[in-house]
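Scroll down for the structure; my scribbles are underneath it.
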Amino acid sequence: MTTYRVTAQRSDGWWAFSIPEIPGAHGQAKRLDQVPAEALDVIALMLDLEDVGGIEVIVDIELDASLEPLVTQAHEARQRLDATQREAQESLRLAAIELRERGLSMRDIGSVLNLSFQRVHQILDASRRAAS
C-alpha cells in the first residue's frame, strides 16, 4: 500500500489541494469529503496509473490559524462527551443487571432508570451476549 499525504485548504469556495510527493500535482473539490477521490484521480493522471487500488490518501486540512483553537476545543469536548457516554452506558448496564437480579420486571427497571422497557431489554440482552 502506497500512502500519499494531501494538503487541502479553502480557496474561493473550493478545497484546493496539493500532493507534495508528486511535483505539480494539484486539484480542487467542492467539498472536503470529495478531496480523497479527486486526489486519487490526480495521482493516477500524474503517474499514468490505471489502477489506484493500492493507494491510500490521507488529507491534512489546513485551516486559518484563528480557527485552530475552536476546532481543538470542539474535538476535546467531543472526546469528553464520548467518555461520559461510555461511563453512563456502563452504569446503566450494571444497574439494570442488578435490578433484574433482584426480580424487577423490564418495565419496572425502565421506570427506575428512566428508560423504555425496550431499551432495558437491549441493554440486558447485549450484556448476556457479551458474557457468553
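A short reminder: the numbers here are calculations on the coordinates, not readings from a lab. Bear in mind the structure is a predicted one, so any value in this text is a computation, not a measurement. Cβ atoms come from the backbone with ideal geometry, glycine included; neighbour counts cover every protein chain shown.
Could you check the range 94-115 and list, in sequence order, the residues that are among the small types (Gly, Ala, Ser) and either surrounded by 12 or more Cβ atoms within 10 Å (Cβ to Cβ) or touching a helix residue (DSSP H, G or I) at 6+ places or on another chain (Cβ under 7 Å) (or both)? Steps first, please.
Let us first name the residues in the range 94-115 that are among the small types (Gly, Ala, Ser), namely 95-96, 103, 105, 110-111.
Correct list: 95, 96, 105, 110, 111.
Does the range 38-56 hold any residues that are under 17 Å from residue 7 (Cα atoms) and surrounded by 16 or more Cβ atoms within 10 Å (Cβ to Cβ), and which are they?
Within the range 38-56, 38, 39, 40, 42, 43, 55 qualify.
Considering only the range 84-93, state which residues are surrounded by 11 or more Cβ atoms within 10 Å (Cβ to Cβ) and more than 15 Å from residue 125 (Cβ to Cβ).
91
Take the range 20-30 and flag every residue that is within 23 Å of residue 67 (Cα to Cα) and surrounded by 14 or more Cβ atoms within 10 Å (Cβ to Cβ).
Result: 28, 29.
Among the residues of the range 100-107, are any under 27 Å from the mean Cα position of the chain (by Cα) and assigned to a helix (DSSP H, G or I)?
no
How about the range 116-132: which of its residues are in a helix (DSSP H, G or I) and surrounded by 12 or more Cβ atoms within 10 Å (Cβ to Cβ)?
Here is the first cut: in the range 116-132, the ones in a helix (DSSP H, G or I) are 117-131.
The answer is 117, 119, 120, 121, 122, 123, 124, 126, 127.
Just the residues that are of a type in the set (Asp, Glu) and under 14 Å from residue 126 (Cβ atoms), please, taken from the range 94-107. If you could, list the steps in order and put the result at the bottom.
Taking the range 94-107 first, the residues of a type in the set (Asp, Glu) are 98, 101.
If the condition is that a residue be of a type in the set (Asp, Glu) and under 14 Å from residue 126 (Cβ atoms), then no residue fits.
From the list 35, 71, 59, pick out the single residue that is outside any helix (DSSP H, G or I) and either in contact with a Leu (Cβ under 9 Å, 6 or more places away or on another chain) or surrounded by 12 or more Cβ atoms within 10 Å (Cβ to Cβ) (or both).
59
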